[in-house]
Structures are given as C-alpha cells and as structure tokens.
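Student: Submitted below is the structure of interest, expressed as structure tokens.
The values are calculated or read from the model by the stated rules, or taken from the named source; none is laboratory data. Note that the coordinates shown come from a computational prediction; the quantities given were computed from them, not determined experimentally. Note that each Cβ is placed from the backbone with ideal geometry, even for glycine, and that neighbours are counted across all protein chains shown. Just so you know, the surface numbers come from the protein's heavy atoms only, side chains and all, with ligands and any DNA or RNA stripped out. Shrake-Rupley method; radii C 1.70, N 1.55, O 1.52, S 1.80 Å.
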Amino acid sequence: MPPRPGVRGACRDASAAVAQPPLSRRTWLRRLSLSAMVIAGLPACDFRTPPALKIGLNSWVGYDPLVLARERQWLDVRRVKVIELASVSETLRHLHNGLLEGAALTLDETLRQVEQGEDLRIVEFLSTSHGADVVLASPSIERPTQLRGQRIAVESSTVGALMLHRLLQSAGLTLSDVLVVPLESSQHLAALRDGRVTVAVSHEPLARHMRAAGFWPMFDSRQMPGEIIDVLVVRAATLNQRPEQVQALVAGWQRGLQEFQADPAKAAELLAPGVALSEADYQATLSGLRFYTPGESLGLLGGRGPAEALQAGKLVETLRGLRLLHHVPVWDHLLAPAPALQVSRSAMGGAP
C-alpha cells in the first residue's frame, strides 16, 4: 500500500500532497480525496451547502464497488467523498477522531464500535466473506496443530480476533498456546518475509501477494460461513442532518455494484493496478466474496434483522465469549433502512 498524506495541516499542506502525482490514477484519486478531506474542514470552506460526506474504507475487494463508483464519477464529490486508507485500524482512528462521517466496516467491528460509544447506523449490507479472509503460514508449518508456540501477526481489529479464534478452535488450541503480534495488515507480508512472524491473519487482496511470496493458506472464512459481513455505516447525526447525501452514498454503492457485476473484467482493468494485482488475480479474489443485492440488503435492514437471517446471533455469542462485546445489539436502533428505501422508490419511479 503506497504511503498516504496526513489528514492534518493547512491548505498548503493539502496542495503539496496533490502536487506529487503517484503512479496510478486510483492512488492519485485517493490522495486527492484525502487532500479534499483536509480542505473540507478549513474555515475558508463555502458553508452555503453542506460539506461532502467523508466515507472511509481500507483496501478490501468487498468495498471496491464504492471505489468504482468514485472512479466512474457516479458519486458527486461535492456530496460524497470516498477515502481509501491503509488499514481498518486507520479507518477506525479516523472515524473515532471525527474525520469521517461514515465507513465501510465489518459487522462485528461495527457492533464493537457502537458498544464503545460511536453512534452509528447501518445503511447498507454490502457483502459476506466466503474465503476472502485468509490465514497465511510459512511453509515450515504444515498443519494448524503445529501452531503451538508460533508468532502470529493479527491486526488489532474485531475481525482479526474472530479469525484467530476460529483458527485456534480448528487446531484444538487456545490463545495461551501462541504469541500474538499486533500488526496492521499492510505490514504482514514484510513481517512474514523477515521472520518476525510465521503466520498472518490477513485478507484479499493482500493475501494474494503473500501466496505469491510462498506463504500458504492455512485457514479461511469458508470455514466460518456467515460470520464476516461487510456493512456501510454513517453517524446517526449525519443521517438525521444530511439524509439526501446518505441516499446519494447508498445510490452510488448500488450503481457501482451493478456495473461491477455486469462487467467484472472492465472493473478489474480499472481497479487492479491500484492494489498491485494483475487483472486475472483481481478477478480471482472475487470468488471469495458474495455481494448482497440491493433487495437483499433492504430486506435485512427492514425485515426481522440480521440476528435471524445472517447468523449474527452466533456472531454476537462468539464476540461476547471473547469479551469483545458485552451486550446484545439493539437491532431496531442500529439498522436504518430509510436511505435504501428512498433510493429504491426513486429507481422505481424513474426519479434521478
């Protein structure tokens, strides 16, 4: 992942960041979005219209329809800015520090953030992982039962803890049997190569680079179906104060998803260079994901809720067992179907 400019400083700092164009258009747009994020918070901004929503996401193929919508300019940057960040940890830091109005996150991380005091609302269900979250191991480790005493790189995120828990369960081990090394996902390949760790809890597209370097997939999310779910969240205050912009965000995701699935080869041609993958490898990573259709997402948002439909009851039970969650979520409070409903009504009525 290429370095990104900071999010603090004056307009001249943002201008300097834009003045150094990186190699790929996707990376250039990522930096431009970060620079715009800085400028949006400065006193010189035009307050006659609301500032653009700043939506953060890390490098994960399950979020790429939103990146595609940005690249194709289906999202009006005056209303919504998609900000790519180096890791989920960085996304959470930006969200916690008030630099973002929303983010693409896993459901488990969302539940944890809400319990820790972030007033978030889920406005769209995006995808579920079916092999795209992967544990990579050194060739010297031939089976999970050999993990005892090994150093395992894990990002300090809820999904990292969940994956590690399931991995150890499959090997009949506990957390006390291994040494956890907290590392952001962008640092895992380097740590494997220099021997600081022998195992890494990772995800696509980063996992593909590790496989190419000779590390093998020991465990993946196919062995824990329905537990890793991606959602799009916004702050409750943002939803209340700027509902039309949240609708634009949801509409942008749905447009990006439609085009992403209609012509995956074309999407790969545009997006693969930004994550340093070949177009073939990029398309191969998609086999580990299942995207929710807008109708499925709306059903989950406005129906009986994910506790019944998405095995989220099992997820909540596991998170509580790991002491990452202490209370059962209030789904009626967390789920916000109104933006998706409005987008659906506009589409059926032919409205723009």
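Student: Could you give every pair whose Cβ atoms fall below 9 Å, whose first residue belongs to region 64-79 and is over 22 Å from ARG242 (Cα atoms), and whose second residue is of a type in the set (Lys, Arg) and surrounded by 23 or more Cβ atoms within 10 Å (Cβ to Cβ), counting only separations of at least 6 or pairs across chains?
Tutor: none
Student: Consider region 278-303. How many of its residues are of a type outside the set (Gly, Ala, Ser) and out of contact with any strand residue (DSSP E or B) (no Cβ under 6 Å at 6 or more places or on another chain)?
Tutor: 10
Student: Same structure again: Out of region 214-236, which residues are part of a strand (DSSP E or B) and aromatic (Phe, Trp, Tyr)?
Tutor: TRP216, PHE219
Student: Ok, one more. For a quick check of your reading of the model, give me the residue pairs whose first member lies in region 319-341 and is within 17 Å of LEU105 (Cα to Cα) and touching a residue at least 24 places away in the same chain (Cβ under 8 Å), whose second is open to solvent by 20 Å² or more (accessible area, probe 1.4 Å) and charged (D, E, K, R), with beta-carbon atoms closer than 7 Å and at least 6 apart or on different chains.
Tutor: Correct list of pairs: LEU324/ARG112; LEU325/ARG112; LEU325/GLU115; LEU334/ARG121; ALA336/ARG121.
Student: Take the residues in region 280-290 that are under 18 Å from the mean Cα position of the chain (by Cα) and open to solvent by less than 60 Å² (accessible area, probe 1.4 Å); name whichever of them is nearest to PHE125 (Cα to Cα).
Tutor: Only one residue fits best here, namely LEU289.
Student: Please specify each residue of region 263-279 satisfying the condition of being open to solvent by 70 Å² or more (accessible area, probe 1.4 Å) and either under 18 Å from HIS203 (Cα atoms) or at pLDDT 95 or above (or both).
Tutor: PRO273, ALA276, GLU279, listed by residue number.
Student: Need pairs with beta-carbon distance below 8 Å; first residue on the phi > 0 side of the Ramachandran plot and within region 117-132, second outside any strand (DSSP E or B) and open to solvent by less than 10 Å² (accessible area, probe 1.4 Å); sequence gap 6+ or separate chains.
Tutor: GLY131/SER221; GLY131/GLY288
Student: In the list SER87, SER127, which residue meets the criterion of being within 28 Å of MET224 (Cβ to Cβ) and in contact with a Gly (Cβ under 9 Å, 6 or more places away or on another chain)?
Tutor: Unique residue meeting the criteria: SER127.
Student: Return the only residue of LEU286, LEU319, LEU315, LEU239 being in a helix (DSSP H, G or I) and at pLDDT 90 or above.
Tutor: The match here is LEU239.
Student: Going residue by residue through region 162-176, is there one that turns out to be of a type outside the set (A, V, I, L, M), closer than 30 Å to LEU298 by Cα and touching a strand residue (DSSP E or B) at 6+ places or on another chain (Cβ under 9 Å)?
Tutor: yes
Student: Pull up region 52-80, narrow it to residues that are more than 15 Å from the chain's Cα centre (by Cα) and within 15 Å of VAL234 (Cα to Cα), then point me to the one that is most open to solvent (accessible area, probe 1.4 Å).
Tutor: ARG79
Student: Taking only region 322-350 into account, find how many residues are open to solvent by 100 Å² or more (accessible area, probe 1.4 Å), aliphatic (A, V, I, L, M) and at pLDDT 90 or above.
Tutor: Of the residues in that region, 0 qualify.
Student: Looking at this structure, is LEU183 at pLDDT below 95 and either under 24 Å from ARG320 (Cβ atoms) or aromatic (Phe, Trp, Tyr) (or both)?
Tutor: no
Student: Considering (1) free of Cβ contacts under 8 Å to residues at least 40 places away in the same chain; (2) farther than 21 Å from ALA336 by Cα; (3) open to solvent by 10 Å² or more (accessible area, probe 1.4 Å), say which one THR293 fails and leave the rest.
Tutor: (2) is the only condition that THR293 fails.
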